[in-house]
1. Which of the residues belonging to the stretch 2-41 are touching a helix residue (DSSP H, G or I) at 6+ places or on another chain (Cβ under 9 Å) and of a type in the set (D, E, K, R)?
2. Between residues in the stretch 99-113 that are under 17 Å from residue 135 (Cα atoms) and residues that are in a helix (DSSP H, G or I) and of a type outside the set (Gly, Ala, Ser), which pairs lie under 7 Å by C-beta distance while being six or more apart or on different chains?
3. Here's a check for you: in the stretch 25-58, which residue that is in a loop (DSSP other than H, G, I, E, B) and either at positive phi or acidic (Asp, Glu) (or both) is surrounded by the most Cβ atoms within 10 Å (Cβ to Cβ)?
4. If residue 58 satisfies all but one of (1) modelled with pLDDT under 95; (2) of a type in the set (Lys, Arg); (3) within 21 Å of residue 164 (Cβ to Cβ), what's the number of the condition it fails?
5. Do you know which residues across the stretch 1-24 are charged (D, E, K, R) and either part of a loop (DSSP other than H, G, I, E, B) or touching a Phe, Trp or Tyr at 6+ places or on another chain (Cβ under 9 Å) (or both)?
6. Exactly one of these conditions fails for residue 182: (1) farther than 13 Å from residue 93 by Cβ; (2) part of a loop (DSSP other than H, G, I, E, B); (3) touching a strand residue (DSSP E or B) at 6+ places or on another chain (Cβ under 7 Å). Give me its number.
7. Give the number of residues within the stretch 148-163 that are within 10 Å of residue 131 (Cβ to Cβ) and touching a strand residue (DSSP E or B) at 6+ places or on another chain (Cβ under 7 Å).
8. Can you find even one residue in the stretch 155-178 that is β-branched (Val, Ile, Thr), over 22 Å from residue 15 (Cβ atoms) and surrounded by fewer than 17 Cβ atoms within 10 Å (Cβ to Cβ)?
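The values are calculated or read from the model by the stated rules, or taken from the named source; none is laboratory data. Worth saying up front: this structure is predicted, and the values here are computed from it rather than measured. Glycine gets a Cβ as well: all are built from the backbone with ideal geometry, and neighbour counts include every protein chain shown.
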Amino acid sequence: MAKAFIFHGTEGYPEENWFPWLKSELEKRGCATIVPQFPTPENQTLAGWFAAISKHEKELGTGTILIGHSLGGAFLLRLLERGAKAKAVFLVGTPIGMGNVKNQKGDDDFTGKAFDWKAIRKNCPSFFVIQSDNDPYVPIENGWELAKNLGVEMLFLPNCGHFNKAVGFTKFEFLLQKIETVLG
């Protein structure tokens, strides 16, 4: 059985935005889906998030699909850096420290040092970078730089903000369609 993880971002939680809808849709397709809660904004540290995911680390593997929204995407890159494996990674509005990121101070533990792109690419064969041009939290430069470092084309969706409920994202059909291409 396929397995997926959806990682929320700063001040996020498993029942927000499009996460419950996507979890339901993936499970209808036979993909067990876990949406863990990470400590945020209090104790929002890389160590704190690694501790929160530790009970699921054995479930990460070459058949796993990882989906990260906002800081959740930066965290999953750090997981791959540490040796976690994945079948495919979806990065939605993910900050990597480029430009004027709104939550830069809180994100710094995750994005303040350079990523080991070689290690990240070694641990996953397939990446999808989704970014908008009017994201008030994560400037588009982050998407361009992510795509460049991962060797993929950025999937640009205009006028979609931060892909959250505030801009109407309680469903995310485009993302589901992309995930379906790797569910196999």
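1. If we filter the stretch 2-41 for residues that are touching a helix residue (DSSP H, G or I) at 6+ places or on another chain (Cβ under 9 Å), which is where we start, we get 2-14, 16-18, 21-22, 25-26, 29-41.
Result: 3, 11, 16, 25, 29.
2. Sorted first by the residue in the stretch 99-113, then by its partner, the pairs are 99/141; 99/142; 101/107; 107/71.
3. Here is the first cut: in the stretch 25-58, the residues in a loop (DSSP other than H, G, I, E, B) are 29-30, 35-45.
Filter again for either at positive phi or acidic (Asp, Glu) (or both), leaving 30, 42-43.
Values: 30: 9, 42: 7, 43: 12.
Selected residue: 43.
4. It fails just one condition, (3).
5. In the first step, residues of the stretch 1-24 are kept if they are charged (D, E, K, R); the result is 3, 11, 15-16, 23.
Correct list: 11, 15, 16.
6. All conditions pass for residue 182, except number (2).
7. 5
8. Within the stretch 155-178, the subset β-branched (Val, Ile, Thr) is 167, 170.
After this cut, where a residue has to be over 22 Å from residue 15 (Cβ atoms) as well, the list is none.
Taking every residue of the stretch 155-178 in turn, none turns out to be β-branched (Val, Ile, Thr), over 22 Å from residue 15 (Cβ atoms) and surrounded by fewer than 17 Cβ atoms within 10 Å (Cβ to Cβ).
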